[in-house]
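These notes concern the structure reproduced below.
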Amino acid sequence: MTPLFKITLLFIVCVLYTCAADGPVSNSTNVVLVNATLTPTPTPKIGASPTNAPAPIINVPTIPPTAPDCKPEDIGSMYSDCDKSTNTMTVLYYKKIPCKKELPSPSITVPCNLNCDNGQILEAPNTACTKCPPGGVSFSEGININNWSSLSDPNLSTTCIGRHCKRSKEDSRVPLGWVSHPSGEYIHSGNNQPDSVKLVLAYTADVVRESGQVIFTYKVDAEHGSDGLIFYVDSKVVLPLTSTTKEYTTVKYALTHGYHKLEWRYVKNAAISKGKDRAQVKSIQIVGTKHHDSKCTPCQPGTFSSVQGGDVCLPCPSFTFSASNNTVTCQNCPPDQYSLGGATQCIPRPTCQPSDYYSDYTACKNGKRKLTFKLKQPAICKPDPSTAPKDKDQVDCAKCPLGLYRDDQDNCVACSGESEYRSQVDQKCKTCEAGNAAIKYLRYDQDWLNEHLSLPSDWVTMCKEGCEHDKRGFFISNDHVTLQRYIQSGGSPNSGDLNTLRFSVNLYTFGRISFQYEISQNVSDPEESATLSFYVDSVAVAWIDGESGPSSDGSGTFTTSLIPPGNHTLFFGFERFDSYDDYASLKIKNIIIQGESTGASHECEKCMAGFKCSAKTNQFTPCQPGEFSNEGSENCGQCPPGTYNNQYAQPYSCMQCPSGTNSIGHGNVDCIDQCSYNVPGTKIFYDLTKFDSPQNSKLEFNAIGPVNLITNSTSDSDAEFELYISMCNRFNISESTSFCNTNQIGLDQMVDRLGLHSPDSRVLNSYACVQNDDTSFDVGYMPAYTALPDSESSDQFVDPSKRADGIKLEFTSQEVCLSTNETIIDQQDSNVQNRIQYESTHGDLHFYKTIIHFICDPDAGFGKLVPAKSSPNSIVELNSKCKIQLQWNSMYACPICTIYDYETIHGQCDSNGYRVNRLYKKPESKCNPFGKLPNGVDPNGIIPSQFNFTIACPICTINDAELVITKCVDGYSTHRYIWKEPKNCTDGNFKLPEPKVVPCDSVDLSKFAAALILVVVSVVFVGLIAGYVIMYRRHQQLYKNYQMLQESDGKELSEVEVFGRDDDDDDDVSDDDMGFESRNKKSGKKDFDSGDDEIESRV
């Protein structure tokens, strides 16, 4: 049944009921529904597309006979559901109370798709749109989300994608999705640590009008080019990766009729956390999801709308309040009370204290000035003369900032010389020696603040987002006790205001910007109360909240990295999210700009490493790529051979060329890669050029890919990556390249610590890059070659089976990767001094690496690049390993074949003087026969697996022949020379000697003479040997006896034991025979044997 048919039945019921209760039925056709109660049923939203939903069930109560007649205000009206067949809605009337009166007939209809503008409604029984009265608002064109206290819209959802989303919910680092700020001011992407996640805020919108649009206001602070916000409409990117915005930014995108999926994705990679590392969305408007609203929304207490046809309620300004709904104008607080913005009541004003005042000075004249005190704004306290500080006359002028001095007119001035500094010792202007520079500083410090009443005229400051009472932004204020001055944040003590300060500086040399700050607040959660952001040229370099300062009171000092010369815009933003009775403020105690052209120098600074400083200079000049310098250098040195440097301001030394690469000459900015490798100390040579051939790739630069990679996790929602790689040549990445062209990280320019891009600077290219739907980055800038272990075998030439089994090619990128969950400096905007300081305290920086193991496999053919066997998934914990491990089994991964891998079979010389030799590769040899050896490695050049080659035969010599002697016949024999077989030479001019006939007797005589000579020589040799042995033994015997005689000097002869004498020996030997005699030691006379006449006669 159609809704109209149901209405007709109900109409008949009502008529019958009226006849029974009140008498005869009127002839009027204007019989309608009586007072009814609607039972809720599933119905589409008002203004939605027509449906066939059932009509509401109307319960008709009994009207008592004593019921009064109906008044106009007792009759209500409403629109029925849309009738799809006619695309119309009908006005239905009902009684609000039981009363007696006939209701109008349901004959008024309006189109279902009648569109109303914002601030208008379509309210029955009207057939046209009407404006909301003051105190009420409407957003009839769609939805408007600007209060995030609750996420009640069923079409709004949030989720987290990535392996780190599934940790324990008790872990505060878990980014389970987008989170509403406690104040309801915005929704943000959560507390993100260095994890690979995607935080998604999604809305499903049905645009029922012909067209629509989505409008949202957002802000981002994240790692430049790596993390950030991406906005999708129906899975298509419409807002590319945005990493930083100085202020809230509003964008709008068109939507067509129909359903759309809107996604706000905050993408976080695994490397660096920087700044707040999150995105904030302040409001979302989706236009076109409704045709109209049926009622105005009343403004809630604390808000108002003073216009007719309003679409948003505004918070009451400070010192006003609203305690009820539908407020048109907020009430002023009584004189002795005050309120902050959005208040529902006023509170008593306290008595002003000295801390509510700030000091001010008149201009300095003759060394004196006047001190006055004024109330800080907004003044929420009641002035009391008894507590107010007193003005003072004849106060001493402040001293000039460093580098300045007072002239005769009491003005602070700098030295007039371009390269001079003001010495603090003897108060004179001087110049610096070589290796030093008189760097100028522009100081907005305590001395400057004490001298000035207001901020410089070219500084732009304001208050936004809720500054009804005070729109000044920043201004100069001071402490009433210490009289210390500072730059104070302004604005109302109101929830959600944003104070901004913007000014430009001109750096004539490389310099840093530092400022000292203090964030004071009175809230329980400092992180969620107020935030200070600092930008240099639209790049966020600091994001500080109340608890992230170096001290517990929210104070600290921030210093940037080196900034290159030129004009730069500095931006300070201070955003507050305070509750009604809390107040957060910012004090900037000083801003110091190094290298500012309008500043002044107060000392000579030693030239930084990586720079050069000539005599009488006031600037640091960076060393160019291919150069380096030490601290305090007058000039830069060139990189020696074997080293390189592709960065500006390289300190101390250049980088060594990786293994397998080299550089020639001085001043190299890169190393030469020949896509080949000669194992040091050997003739083992690898040629990888076959892997970089055009026939192996359909992509630009002969790149191979995509190789699908998945992070090492069991999560189904892990990020998938695609790897593209070239083995021999770097490829230049641009937007027109068919791969790695999505939100490039580190691929747009040569790594440049200082932001310099000279006309001849090289565009950073890469051997390997990785990409997914959101980003792409470099994973392989510099190659290094290493032979796999078998290359070190000492018997590699003797045993071919011991030859190297492959080579490792390791590409190191210039993209920093973390091995732990620590936050480090960003390599894209850090300078060399920051890098040196970090490495000295944290160790070396880690960079992404792509490692390919080329495995020698003669049977694999060309092979295929696959993830390494040691890792099922090729990217293993990118945030800890930082490596992509791959493997390629191929015959071309074997070392080039050399002569040691072959055996040679020599052919015979033909009649033309040539022969054919054949080389056969040994079966056990693992080598590549199709590679090319470089000059100097091996003279054989290209050697296929079986190779026949023809060479000229050498000229024969007598050594190629052998002598043949015939048997003796009739006393004669013939001597004849014949060629050795096979004959491997050509006759040329050489001829064999003529045969000779020789008598046999001469042959026999010669043999006998030779035998006789041999016998004689043998006898003489044996005799000489025997004589030598006899003489040697006798000499030994005499020597031993002589030794014993020396030992027995002074003893009786009988006591002397002659060595070698044996009484039992048949061959007695006398002392005389031994060549010595004995003496009596006491008498000194000789003692002889009396029985020996021969001895006596001798004496």
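The values are calculated or read from the model by the stated rules, or taken from the named source; none is laboratory data. Computed from a prediction, not measured in an experiment: that's the story for all the values here. No Cβ is skipped: glycine too gets one built from the backbone with ideal geometry, and neighbour counts run over all protein chains shown. The accessibility values were calculated without ligands, DNA or RNA, using every heavy atom of the protein model including side chains. Shrake-Rupley method; radii C 1.70, N 1.55, O 1.52, S 1.80 Å.
Show the residue pairs that are 6+ apart or on different chains and have beta-carbon atoms under 8 Å apart, the first residue being within the range 381-396 and of a type outside the set (Ser, Thr, Tyr), the second being in a strand (DSSP E or B) and open to solvent by 90 Å² or more (accessible area, probe 1.4 Å).
Sorted first by the residue in the range 381-396, then by its partner, the list stays empty.
Is one or more of the residues making up the range 275-292 of a type in the set (Val, Ile, Thr), open to solvent by less than 20 Å² (accessible area, probe 1.4 Å), at pLDDT below 90 and within 28 Å of residue 190 (Cα to Cα)?
Within the range 275-292, not a single residue is of a type in the set (Val, Ile, Thr), open to solvent by less than 20 Å² (accessible area, probe 1.4 Å), at pLDDT below 90 and within 28 Å of residue 190 (Cα to Cα).
Name every residue in the range 952-977 that is at pLDDT 85 or above and in contact with a Cys (Cβ under 7 Å, 6 or more places away or on another chain), in order of residue number.
Hits for the range 952-977 are 953, 954, 955, 956, 960, 968, 972, 973.
Can you find, within the range 206-236, the residue that is surrounded by the fewest Cβ atoms within 10 Å (Cβ to Cβ) among those that are β-branched (Val, Ile, Thr) and over 17 Å from residue 261 (Cα atoms)?
Only one residue fits best here, namely 217.
So, residue 650, is that one open to solvent by 30 Å² or more (accessible area, probe 1.4 Å) and under 32 Å from the mean Cα position of the chain (by Cα) or not?
no
Within the range 313-335, can you find the residues that are of a type in the set (A, V, I, L, M) and outside any strand (DSSP E or B)?
Matches in the range 313-335: 323, 328.
Filter the range 968-987 down to the residues that are in contact (Cβ under 8 Å) with a residue 40 or more places away in the chain and not polar (S, T, N, Q), then identify the one that is least open to solvent (accessible area, probe 1.4 Å).
Applying the filter and picking the extreme gives 985.
When the range 249-265 is examined, which residues are found to be buried (at least 19 other Cβ atoms within 10 Å of the Cβ), within 12 Å of residue 281 (Cα to Cα) and of a type in the set (A, V, I, L, M, F, W, C)?
Passing the criteria: only 264.
Name the single residue, out of those in the range 685-704 being open to solvent by less than 30 Å² (accessible area, probe 1.4 Å) and touching a strand residue (DSSP E or B) at 6+ places or on another chain (Cβ under 7 Å), that is farthest from residue 765 (Cα to Cα).
The selected residue is 685.
Against the definition (at pLDDT 85 or above, open to solvent by less than 80 Å² (accessible area, probe 1.4 Å) and within 47 Å of the chain's Cα centre (by Cα)), how does residue 369 come out, yes or no?
Here the answer is no, as residue 369 does not meet what is asked.
Right, residue 363: open to solvent by less than 20 Å² (accessible area, probe 1.4 Å), in a loop (DSSP other than H, G, I, E, B) and small (Gly, Ala, Ser) or not?
So residue 363 fails the test.
This table checks each residue for (1) of a type outside the set (Gly, Ala, Ser); (2) at pLDDT 90 or above; (3) open to solvent by 20 Å² or more (accessible area, probe 1.4 Å); (4) out of contact with any Cys (no Cβ under 6 Å at 6 or more places or on another chain).
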position: 391; (1), (2), (3), (4): yes, no, yes, yes
position: 394; (1), (2), (3), (4): yes, no, yes, yes
position: 398; (1), (2), (3), (4): no, no, no, yes
position: 410; (1), (2), (3), (4): yes, no, yes, no
position: 423; (1), (2), (3), (4): no, no, no, yes
position: 435; (1), (2), (3), (4): no, yes, no, no
position: 443; (1), (2), (3), (4): yes, yes, yes, yes
position: 452; (1), (2), (3), (4): yes, no, yes, yes
position: 477; (1), (2), (3), (4): no, no, no, yes
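Read through the list (1) modelled with pLDDT of 80 or more; (2) open to solvent by 10 Å² or more (accessible area, probe 1.4 Å), then give the number of the only condition that residue 591 fails.
Looking at each condition in turn, residue 591 falls short on (2).
Is it true that residue 122 is closer than 24 Å to residue 68 by Cβ and buried (at least 20 other Cβ atoms within 10 Å of the Cβ)?
No; evaluated as a whole, the condition is false for this residue.
Any idea which residue in the range 314-337 is nearest to residue 373 (Cα to Cα), counting only those that are among the hydroxyl-bearing types (Ser, Thr, Tyr), open to solvent by less than 60 Å² (accessible area, probe 1.4 Å) and modelled with pLDDT of 90 or more?
Only one residue fits best here, namely 320.
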